[in-house]
Amino acid sequence: MCEATPDAEVTLPDHEHSARRARHFLSEAYCVVHHARVLDEAELLVSELVTNAVRHGGPPVRVRVHCNGTAGMQVSVSDGDPRPPVRREAALEAEGGRGVALVDIVSDRWGVERVGGGKTVWFVLS
Ligand SMILES: [Zn+2]
């Protein structure tokens, strides 16, 4: 019954290891339904987005999980830079930095919103 799963949020340090922290956070966030289906993909994408947020966005870097039953599991990564993420098609083979291009391929849908003085990049897996 993932509709009953409370939203979870964590603020991460502006640090290279934060992608690992974000994966751990997702693995602990309580949603049995979506864990079984999409946890691997969610961990992959949150790693990319948190790496981007740390490298290019800056603090505060926050990760939020919102589960909405059949509509899917939405994961949001916020940072302190209002500029939208840059899509780097040429860097597909590079370590990290695939970011948005990978999110576009793997997620059901995704988007970017300006929030306060920064932005939120979110994706949905169902
Ligand atoms: Zn769920």
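For the chain, what does -39500 (n - 2.57) per DSSP helix run (n ≥ 4), summed and divided by total residues, give at 222 nm, in deg cm²/dmol to the nearest 500? Numbers along the way, then the final one.
On the way: 3 runs with 40 residues, N = 126.
After summing the helix terms and dividing by residue count, I get -10000 deg cm²/dmol.
Which residues make up the longest stretch of the chain that has no GluC sites (Glu not before Pro) in a DSSP loop with at most 12 other Cβ atoms within 10 Å?
Working: sites that count: Glu16, Glu93, Glu95.
Free of exposed loop sites, the longest segment is 17-92.
From the backbone phi of region 105-111, what are the Karplus-calculated ³J(HN,Hα) couplings (6.51 cos²θ - 1.76 cosθ + 1.60, θ = phi - 60°) in whole Hz, Gly and Pro given as x?
3J(HN,Hα) across region 105-111, in whole Hz: 6, 8, 7, 5, 7, 7, x.
Give me the one-decimal nm value for the distance between modelled label points at Glu9 and Arg55, 7 Å along each residue's Cα-to-Cβ direction.
The modelled label-to-label distance comes out at 2.7 nm.
I want to check the label-to-label distance for Asp40 and Asn68. Put each point 7 Å from Cα in the C-beta direction and report it in nm to one decimal.
2.6 nm
Mean separation of Cα pairs under 8 Å and 6+ residues apart, divided by the residue count of region 2-125: what relative contact order is that in percent?
With pairs under 8 Å counted, the relative contact order is 25 percent.
Every number here is computed from the coordinates shown, using simple stated rules; none is lab data. Values in this document were obtained by computation on a predicted structure and should not be read as measured data. Because the Cβ atoms are built from the backbone with ideal geometry, glycine has one as well, and the counts that use them run over all protein chains shown.
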